[in-house]
Amino acid sequence: MSVTDSRHDVSAHGAQGDPHETSHAAHRFAGSGSWLTAIRFSLLMAVVLGLLYPLVVVGLGQLGFSHQANGSLLADAEGRVIGSSLVGQRFTSERYFQGRPSAVDYAADAVGGSNLAPSNPALRERAEADARQITARDGVEPGRIPVDLVTASGSGIDPAISPEAAAIQVARVARVRGLAPSAVTTLVERYSDSGRLGQPTVNVLALNLALDAIE
């Protein structure tokens, strides 16, 4: 091989470069592009899902379902917020319909049941005590008391009772308020849910506020 051929080989090798070095450079370039793409995509999703989507959902809720979106709050005749139609309350006066017992004293931030089994003596004693109180208040025999008036719900904040539980309280509420039983029954029917998605119910807080409004 001549000197000229040797120079040609060296020149050709220098022009082509080391193939391994070329592969590493291409890999570094491709890697930096992948990182940039991932960062751009993350920023885009943060804006779309963390900002735009919540704003759209909140806006639609306020436009079409403002009452539900703001907690289904109920106010009295003077405009003061009394509570939510989704959360039960304790009523002690005989002027009002009584709701279901609560194992958490109707605390919306501590929902839960008593977790007592039906065979637990504590549960039986509590239910019997409630039944005696209902009998004395509404003049109803223990055997005619609807079960939802002596048993707490799983959440402890159930806002509704059955139509049967409301019916046994009509006479007492009408007598104490000086109203005709038929007028009270009409209100009960007005604030009853027909039960299309479950059992028929009567919202206790809404019913009691309606009673106050007619006096």
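The values are calculated or read from the model by the stated rules, or taken from the named source; none is laboratory data. Given the structure is predicted, the values throughout are model-derived calculations rather than measurements. Because the Cβ atoms are built from the backbone with ideal geometry, glycine has one as well, and the counts that use them run over all protein chains shown. For the accessible areas, the whole protein counts, side chains as well, though only heavy atoms, and no ligand, DNA or RNA atoms are used. Shrake-Rupley method; radii C 1.70, N 1.55, O 1.52, S 1.80 Å.
Just a few scattered comments:
- Projecting label points 7 angstrom from Cα along Cα→Cβ for Glu189 and Ala129 puts them 3.9 nm apart.
- Contact order normalised by residue count of segment 144-215, Cα under 8 Å, 6+ apart, percent: 31 percent
- Carbon/sulfur fraction of accessible area - segment 145-215, other protein chains in place, 1.4 Å, %: 58 percent
- Modelled FRET efficiency - R0 45 Å, Leu43 with Ala110, Cβ distances, 0.05 increments: 0.70
- For segment 79-164, dividing the convex hull volume of the Cα atoms by the residue count gives 107 Å³ per residue.
- Spacing of the modelled spin labels on Ser34 and Gln199, each 7 Å from Cα toward Cβ, amounts to 5.9 nm.
- Rounded to 0.05, the FRET efficiency of the Glu141 and Asn120 pair, given R0 = 22 Å and the Cβ-Cβ distance, is 0.35.
- Relative contact order (%) - segment 64-215, alpha-carbon pairs under 8 angstrom, separation at least six: 26 percent
- One decimal place: the segment Leu52-Leu73 gains 4.9 nm when fully extended, by the rule 0.36 nm per residue minus the C-alpha distance.
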